[in-house]
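The values are calculated or read from the model by the stated rules, or taken from the named source; none is laboratory data. Just so it is clear, the model here is predicted, and its values are computed rather than measured. As a convention, Cβ positions derive from the backbone with ideal geometry for all residues, glycine included, and neighbour counts pool all protein chains shown. We work out accessible area using only protein heavy atoms, side chains counted, and drop any ligands, DNA or RNA first. Shrake-Rupley method; radii C 1.70, N 1.55, O 1.52, S 1.80 Å.
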Amino acid sequence: MPGLSLAVLICLPILIGLGIWQYQRWQWKQDILTEVDAAVSAPPLSDLSALAEAQADALPLDFRRIQLSGQAEGPVWYLYQPAGSIQWQPFRTVTANGQTALVGFPSIEDRLKQTAPVPEITGPRAGYVRRIRPRTGLSRWIGTDSNPAENRWFDINPGGAWLADAVYYIALDPVETDAADLPVRRPDIANNHVSYMLTWWSFAIILLIIYAILHSRAGRLSVR
């Protein structure tokens with residue numbers, strides 16, 4: 001059965017490879033979960049200088065609370081946010097104590113975008129440090145492209161267009177002004193890749209079993 005043998009020869013490495021890929025995805029998710037758990041358990045950062053120091057020390061920062069004050073500067077960028085309706089999250093740079101960071105303000109509805117006031121920092125504010133994760137892989141190729149002319153963006157700081165070398169931004173809380181009063185925000189990140197890995201490898205084993213049964217019925221595996 002050369003056709004069957006060729007199909008098994010092609011499919012078996014694909015199934016094993018998909019299982020290995022899911023194992024790698026599981027490891028990647030575990031690293032993210034470990035980083036987030038350390039960050040949310042840490043005390044709030046006091047200001048942008050403390051954020052810069054923590055970043056220089058390579059400390060876990062994603063979802064860590066932070067106290068913020070400073071001067072909002074430069075243009076406003078609007079990032080698309082799917083939330084049941086078309087909404088846009090305004091971003092600006094904020095500078096304090098010689099440090100500059102990207103800050104995401106509370107989202108606004110599309111119909112209010114043209115009349116919304118320019119977001120400012122008028123006093124102490126609280127928020128969460130968030131890692132900027134650019135689109136990768138397939139989503140990068142099939143996703144909607146940003147339109148700078150219309151100030152419509154679908155990535156945060158694409159290619160450093162907003163702030164050079166920024167890898168984190170601060171998501172401001174809509175109302176809270178004291179970071180110590182912010183609730184610990186631990187995201188629910190699913191990590192089911194081990195079960196996916198076992199599924200692909202199970203398919204590989206089943207394929208081998210079927211292959212062996214067919215050959216056995218044809219008398220090719222009989223012991224003489």
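Restricting to the stretch 21-32, name every residue that is modelled with pLDDT of 90 or more and surrounded by 14 or more Cβ atoms within 10 Å (Cβ to Cβ).
TRP21, GLN22, TYR23, ARG25, TRP26
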> Among the residues of the stretch 191-207 satisfying the criterion of being among the small types (Gly, Ala, Ser) and out of contact with any helix residue (DSSP H, G or I) (no Cβ under 8 Å at 6 or more places or on another chain), which is modelled with the lowest pLDDT?
Replying inline: SER195
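Working carefully through the options ALA83, ALA42, find the one that is closer than 26 Å to GLY123 by Cβ, free of Cβ contacts under 8 Å to residues at least 60 places away in the same chain and out of contact with any helix residue (DSSP H, G or I) (no Cβ under 7 Å at 6 or more places or on another chain).
On the way: ALA83 fails: closer than 26 Å to GLY123 by Cβ.
Criteria check complete, one pass: ALA42.
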> In the stretch 44-63, what residues are farther than 21 Å from SER107 by Cβ, under 23 Å from the mean Cα position of the chain (by Cα) and in a loop (DSSP other than H, G, I, E, B)?
Replying inline: PRO44, ASP57, ALA58, LEU59, PRO60, LEU61
> Within the stretch 90-103, can you find the residues that are more than 18 Å from SER46 (Cα to Cα) and open to solvent by 20 Å² or more (accessible area, probe 1.4 Å)?
Replying inline: none
> What are the pairs, 6+ residues apart or on separate chains, where a residue within the stretch 104-131 that is in contact (Cβ under 8 Å) with a residue 60 or more places away in the chain and closer than 21 Å to ALA83 by Cα has its Cβ under 8 Å from a residue that is of a type outside the set (A, V, I, L, M) and open to solvent by 70 Å² or more (accessible area, probe 1.4 Å)?
Replying inline: PRO106/PRO174; TYR128/ARG185
>> For a quick check of your reading of the model, give me the residue pairs whose first member lies in the stretch 1-21 and is farther than 19 Å from THR199 by Cβ, whose second is open to solvent by less than 80 Å² (accessible area, probe 1.4 Å) and not aromatic (Phe, Trp, Tyr), with beta-carbon atoms closer than 8 Å and at least 6 apart or on different chains.
In response: MET1/LEU214; MET1/HIS215; MET1/ALA218; LEU4/LEU214
> Name the residues in the stretch 208-224 that are surrounded by fewer than 11 Cβ atoms within 10 Å (Cβ to Cβ) and either at pLDDT 95 or above or β-branched (Val, Ile, Thr) (or both), would you?
Replying inline: ILE209, VAL223
